[in-house]
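Remarks on the structure that follows.
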Ligand code: A3P
C-alpha cells in the first residue's frame, strides 16, 4: 500500500479540521446547489454510507446492473468538501453528477454549509448516532484511514473526542447545531442510527414520506434488502474496498454495524468520565440518544 503522510489537525473558524476537508474551501463555499438536490449531513461515522446507499437505491436502483457494479458509492454520492491529491474533488464530482436529484454528502457543521443550499431550500437529511458508538467507530476509522490524523491509542482518542480535538470538531456541538438548525430551516429530516437498526423498514417509510415518494412493497423490499449490513459488507461498490487510502486489513470499513459496541471498548472509569462530560455539554438540548437498543 502506498504510504501517505497523515494529516494534522488545526483550528478552522473554531472547529478542528484537517487539510483534506478544507483545502478546497473557496470552491466548496461557491458550490451552486439546485432545489432538487438532497444533502446528507452527518457527523463522521453516524451511518452516512448506509443512508446514502438507501437513497441511491431508492432513486437510481433500477438504472441497471452496469451502474450497480461499476460506480462506487463515493462517486454516486460525492463527498462535497473532500480534496485529495491527483483525484477529482468532491465538489467537482458533485458538479458533474448526471442524475436528478443529485445526492451529496457532507460532514460539515451547519455554519460551514455553502449558502446556496439554504437559498435553494435544499432537502437535508441528518443521520445521528449516539456519542459512544460514534467515538468507537471513529477511532477504528482513523486507524485504518491514512487520510485521517493519527488517532493514538483508544484512551488518547477518546480524550480527544471528548475535547473536540478530532476532524469536524466536537460531536456535541455538531449534533446540537444540526438539531437546532431545524427550528429555523424546516426542510430537514432526522434519522437515528439506532432507529435504523431497530426497524429499517419503518425508517425507510419516514424517509420516503419526507421526500414525497410513495413506494411499492417490492420497491421497499429491494432497497431494504440491498442496504442490509451483510449485503453492503459484501458489495464492493459500497464497502470502500476500491479506496486505496483505507487499510481494511487493519479494520474493515463495514466493521460491526451494531448499537452498543462501545461496551467492548469503554472501561468503567472512561464511561463515568464520558457520561459526566456528556451531561454537562448536552444539558440545554432536547436532543436525546439511545446508546443501547
Ligand atoms: P461501525 O464502525 O460501528 O461498524 P459512516 O458511513 O458515517 O462512515 O458510518 C460507518 C458506520 O456505519 C460503521 O459503523 C459501519 O459499519 C456502519 N454501517 C454502514 N452500513 C451499515 C448497515 N447497513 N447497517 C448497520 N451499520 C452500518
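Any read-out appearing in this document is the output of simple, stated calculations on the displayed coordinates, not a laboratory observation. All of these numbers come straight from a predicted model, not from anything done at the bench. Positions of Cβ are generated from backbone atoms using ideal geometry, with glycine treated the same way; all protein chains shown enter the neighbour counts.
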What is the distance in Å between the Cα centres of segment 152-193 and segment 236-291? 12 Å
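Taking square-rooted eigenvalues a ≥ b ≥ c of the alpha carbon gyration tensor, is segment 133-289 rounded, prolate or oblate, where a/c under 1.5 means rounded and, failing that, a/b exceeding b/c means prolate? The partial results should precede the final answer.
Values: a/c = 1.97, a/b = 1.20, b/c = 1.63.
Oblate.
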Tell me the Kirkwood radius of segment 38-85: reciprocal of the mean inverse pair distance over distinct alpha-carbon atoms, in Å. 11.8 Å
Å³ per residue of the Cα convex hull, for segment 210-268? 156 Å³
Which three extents, in angstrom, do the Cα atoms of segment 10-281 have along their principal axes, listed largest first? 50, 40, 39
With a cut-off of 8 Å between alpha carbons and a minimum separation of six or more residues, what is the relative contact order of the chain in percent? 26 percent
Can you sort 222, 34 by how many other beta carbons sit within 10 Å, fewest first? 34, 222
Counting only Cα, what are the radius of gyration and maximum Cα-Cα distance Dmax of segment 1-88, in Å? 15.5, 45
Which values of log₁₀ I(q)/I(0), to two decimal places, follow from the Debye formula for segment 235-293 at q = 0.15, 0.16, 0.27, 0.31 Å⁻¹ with a uniform point scatterer at every Cα? -0.71, -0.76, -1.11, -1.27
D (µm²/s, integer) via Stokes-Einstein for segment 175-252, Kirkwood Rh across alpha-carbon pairs, 10 °C, 1.306 mPa s: value 105 µm²/s
